[in-house]
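J.: I have a structure I would like to understand better, so I am pasting it below and will then ask my questions one at a time.
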Amino acid sequence: MGRALAAIPSAGTPAPNLLYVSSYGGKVVTLDVADAAGSSASGVPKLRTIASTDGGAGTLSWLTLDHGRSTLFGLDEGLSSDRGSLTSFRTRADGSLETLARLEMSPGPVSGVLYGPEDGGLAIAHYQGAGCARVTLLTDDALHSHSSGSALSTWDVSEPSEVVKVQSETFTLNKQPTVPHRQDAPHPHQAFLDPTGGFLVVPDLGTDELRMYAVGPRLAVTPLLPVSVAPGSGPRHVQFAKRGGKTFMYLVAELTCTIVGYGVTYPAGTIKLDELWTIGVHGEGKPVPADASASEIVVSADGRFALVSSRNENGFLIGDFDPSKDGQIVSDPIVNFSIDDDGSLRLLQDVPAGGRVPRQFSMNKSGTLLAVGLQSDMRVVLISRDPETGRLGRFAGYADLEGEITSVVFNE
């Protein structure tokens, strides 16, 4: 159901030096990144916690920021219950958050993206398995009942204090899984909007598909034919880039730890993905450790660089961030690529992520900082970046927090 957009009273626009962090500890933590100036004789700056807000549930998995409405949306994966949840917060200039609304939803929400007119909709991927009999698209009165996990749900968030469900599509596994212990059910892992704003891409780790949707009027979405990917690859996250007058999409496959490149075209008002190549997460011809598990991909705002994180590699030894400890810690990598005009990725550098299991990371709009959420080490790390060369530099700040880190979002 579409509604007119409502103005939201604001207690002030947050300063651009704030970072919001979610974790399985159930808190949304606001960090001050103003002192992120890189390593010095005194070590890496420790980031100051400005606020810690109860997320309303115990297993926060994702944050989506609507900067224009001073609103932050937090998803609870529901790992400790049989229900997920969505909480909306008003962001304040001092970094604190005010809870606006909280509602229950299908279990397993792990990713959300704004879409539709003036970003009035929120599309959410639900990872958990279901055992549903068939795929159904629910509307109207059926929306009042909860569906199981393994789903895509859409919500009208134009009034963040009165979030309304629009649709919910649940999925079933209709083929023999290639990796049974990871592909026991459909596992939608992300909802992502294409550059035109007209289509949603939902990578499904469980069925080795890219589920595709057309965005229609009044925030409705219509399923399109899915795009199959290599069996057992486990699609996780995607990003788009525009280079040389063309559009490309990059898929990170978690189970094979690969990156798949696609050419993107829009024939007859729809979207078409043509697979171009597949490379390992460390680049063409580079070996990938047997236990590696790719997680996140980010493309710089200028479309010139792509960065990917890989987990469970432990390939770096770095100095402990705590200056009182004279030792080393292990780190997984961030893999940095430049993007050629033909869409191919050229390896630029492998750098330490700052610890173990870089589940998710974000880049600020100016391209000068990368914020990395390290799930296993319960740490957030900032890495300096040269926006012209795209190269990552020194550690610019860190914070050790409570709970496994799941997402980090600059307040821009």
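J.: In segment 252-267, what residues are of a type in the set (A, V, I, L, M, F, W, C) and farther than 18 Å from residue 334 by Cβ?
T.: Scanning segment 252-267 gives 255, 260, 264.
J.: How many residues does segment 173-186 hold that are open to solvent by 40 Å² or more (accessible area, probe 1.4 Å) and either on the phi > 0 side of the Ramachandran plot or more than 21 Å from the chain's Cα centre (by Cα) (or both)?
T.: Count: 8.
J.: Could you pull out every one of the strands (runs of 3 or more DSSP E) wholly within segment 284-346 that has 2 or more residues that are touching a strand residue (DSSP E or B) at 6+ places or on another chain (Cβ under 7 Å), surrounded by fewer than 17 Cβ atoms within 10 Å (Cβ to Cβ) and of a type in the set (Ser, Thr, Tyr)? Spell out how you get there, then give the answer.
T.: On the way: elements: 293-299, 305-311, 316-319, 328-331, 333-339.
In segment 284-346, there are no strands (runs of 3 or more DSSP E) which contain 2 or more residues that are touching a strand residue (DSSP E or B) at 6+ places or on another chain (Cβ under 7 Å), surrounded by fewer than 17 Cβ atoms within 10 Å (Cβ to Cβ) and of a type in the set (Ser, Thr, Tyr).
J.: Somewhere in segment 392-411, is a residue free of Cβ contacts under 8 Å to residues at least 40 places away in the same chain and open to solvent by 30 Å² or more (accessible area, probe 1.4 Å)?
T.: no
J.: Mind listing whichever residues of segment 363-375 are open to solvent by 20 Å² or more (accessible area, probe 1.4 Å) and among the small types (Gly, Ala, Ser)?
T.: Hit for segment 363-375 is 366, nothing else.
J.: What are the pairs, 6+ residues apart or on separate chains, where a residue within segment 298-321 that is over 8 Å from residue 332 (Cβ atoms) has its Cβ under 9 Å from a residue that is surrounded by fewer than 17 Cβ atoms within 10 Å (Cβ to Cβ) and of a type in the set (Asp, Glu)?
T.: 319/326; 320/326; 321/400
J.: If you don't mind, another one. Give me a count of the residues in segment 188-244 that are basic (Lys, Arg) and under 13 Å from residue 171 (Cβ atoms).
T.: 1
J.: Please tell me if residue 60 is at pLDDT below 95 and in contact with an Asp or Glu (Cβ under 6 Å, 6 or more places away or on another chain).
T.: The answer is no for residue 60.
J.: Which is closer than 26 Å to residue 170 by Cα, modelled with pLDDT of 95 or more and hydrophobic (A, V, I, L, M, F, W, C), of 31, 114?
T.: 114
The values are calculated or read from the model by the stated rules, or taken from the named source; none is laboratory data. Keep in mind the model is a prediction, meaning the values are calculated, not measured. Note that each Cβ is placed from the backbone with ideal geometry, even for glycine, and that neighbours are counted across all protein chains shown. Ligands, DNA and RNA are excluded from the accessible area calculation, which covers all protein heavy atoms including side chains. Shrake-Rupley method; radii C 1.70, N 1.55, O 1.52, S 1.80 Å.
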